[in-house]
Amino acid sequence: MPRDHSREQPQWLLARHSALTARQLLRAYGLLCLFSLVVAAAFALRGLWYIPVFSFAELALVAFALLHYLRHARDYEHIALRDGELIIEQVSAGHCRRHHFHPWRTRIDVPQWPRQLIHIKDIGGGGAHVEVGVFATPERRRQVAQELLALLPPPLSPPAPP
């Protein structure tokens, strides 16, 4: 049976690339703690008590850095064209922001420079705008922006004054 391409709802997922899973990170931190505490205990047995203090401070700082990494490991941006509406969903540290745009009142700016993001703006009365593509490469950002431009209808021009 042939596919009905007119019923497909295009979507893009731009996600942060995480090199380590939570389990791998926990194992690495556990090994670091074990090694650091063994060294600190050896110095404490020699009477150098300030070494374990610095060791605990170091492990606490590394723990805070790893917690920050884990909070942002699952960040993503999801762009979807559904039911005549452009939906942008941005998730950062577990907080979700969702933006809705009407396709005929939306302007997409294709990034021209490597660090430039995709700028999506509502040219209607609301004037809402959002930038997406933080987790994508410059080439992927341009590709997504061009695909969006191809799928969206041209924006309605404002009525001419009488």
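Checking the stated criteria, LEU34 turns out to be modelled with pLDDT of 95 or more and open to solvent by 70 Å² or more (accessible area, probe 1.4 Å). Scan the range 37-54 residue by residue and report those that are at positive phi and surrounded by 12 or more Cβ atoms within 10 Å (Cβ to Cβ). Scanning the range 37-54 gives no hits.
The residue of the range 75-90 that is surrounded by the most Cβ atoms within 10 Å (Cβ to Cβ), among those that are out of contact with any Lys or Arg (no Cβ under 9 Å at 6 or more places or on another chain) and part of a loop (DSSP other than H, G, I, E, B), is GLY84. When THR106 is tested against (1) more than 28 Å from PRO154 (Cβ to Cβ); (2) touching a residue at least 12 places away in the same chain (Cβ under 8 Å); (3) of a type in the set (Val, Ile, Thr), exactly one condition is not met: (1).
Residues in the range 94-113 that are under 27 Å from SER18 (Cβ atoms) and either in contact with a strand residue (DSSP E or B) (Cβ under 7 Å, 6 or more places away or on another chain) or modelled with pLDDT under 90 (or both): GLY94, CYS96, ARG97, ARG98, HIS99, PRO111.
Within the range 55-74, can one find any residue that is more than 17 Å from PRO10 (Cβ to Cβ), in contact with a strand residue (DSSP E or B) (Cβ under 8 Å, 6 or more places away or on another chain), open to solvent by 50 Å² or more (accessible area, probe 1.4 Å) and not in a loop (DSSP other than H, G, I, E, B)? Among the residues of the range 55-74, not one is more than 17 Å from PRO10 (Cβ to Cβ), in contact with a strand residue (DSSP E or B) (Cβ under 8 Å, 6 or more places away or on another chain), open to solvent by 50 Å² or more (accessible area, probe 1.4 Å) and not in a loop (DSSP other than H, G, I, E, B), which makes the answer no.
ARG105 meets each of the listed conditions (1) within 26 Å of GLU8 (Cα to Cα); (2) charged (D, E, K, R); (3) surrounded by fewer than 16 Cβ atoms within 10 Å (Cβ to Cβ) apart from (3). Give ALA145, ALA150, ALA80 a once-over and let me know the one that is more than 18 Å from LEU14 (Cα to Cα) and modelled with pLDDT of 90 or more. Only one candidate qualifies: ALA150.
The values are calculated or read from the model by the stated rules, or taken from the named source; none is laboratory data. Here the structure is a predicted model, which means the values were calculated and not measured. All Cβ positions, even for glycine, are placed from backbone atoms using ideal geometry, and neighbour counts span all protein chains on display. For accessibility, only protein heavy atoms count, side chains too; no ligands or nucleic acids. Shrake-Rupley method; radii C 1.70, N 1.55, O 1.52, S 1.80 Å.
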